[in-house]
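The values are calculated or read from the model by the stated rules, or taken from the named source; none is laboratory data. Since we're looking at a predicted model, the values are computed, not measured. Because the Cβ atoms are built from the backbone with ideal geometry, glycine has one as well, and the counts that use them run over all protein chains shown.
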Amino acid sequence: MLKNIIYVGIGGFFGSTARYILSRLMNTHFPYGTLFVNSLGSFLIGFLTYKFLKSSSIPQEYILLFTTGFIGAFTTFSTYMLESYILVSNDQVITGIINIFLNLLLGFILVFLGFQLAKSI
């Protein structure tokens, strides 16, 4: 159990660090960094989950490191909700709604595409 927690923690450190860097580089008047991170994370979790489910040779610790740890910390659902709320509360209702819609739609589509790509290779 402790070993698994350590793997999740290591993955989480790198995932949250990558999210912070990308968000700082990309966020301007619209939270593009968060949208990008959520979209990429959705694709990666779809792709990796499919590959991990099809392979019995990958140790459970590595699955935890990449999915629960890295991608769990990398994707930013709570951040995206906060940014959407801030947009709406600052009278940018349409922008806030667009942000919610794009994150949900792109996230779903990219999980699907991740699974499809993983199936084909």
Output the residues belonging to the stretch 32-59 that are under 20 Å from Ile109 (Cα atoms), more than 14 Å from the chain's Cα centre (by Cα) and of a type in the set (Ser, Thr, Tyr).
-> Tyr50
Here are some conditions: (1) assigned to a helix (DSSP H, G or I); (2) hydroxyl-bearing (Ser, Thr, Tyr); (3) within 22 Å of Lys119 (Cα to Cα). Ser57 meets all but one. Which one does it not meet?
-> (1)
Say whether the condition of being part of a helix (DSSP H, G or I) and surrounded by fewer than 16 Cβ atoms within 10 Å (Cβ to Cβ) is met by at least one residue in the stretch 33-51.
-> no
Before we move on, is Lys3 among the basic types (Lys, Arg), part of a helix (DSSP H, G or I) and surrounded by 13 or more Cβ atoms within 10 Å (Cβ to Cβ)?
-> no
Can we say Arg19 is more than 20 Å from Leu110 (Cβ to Cβ), in a helix (DSSP H, G or I) and at pLDDT below 95?
-> no
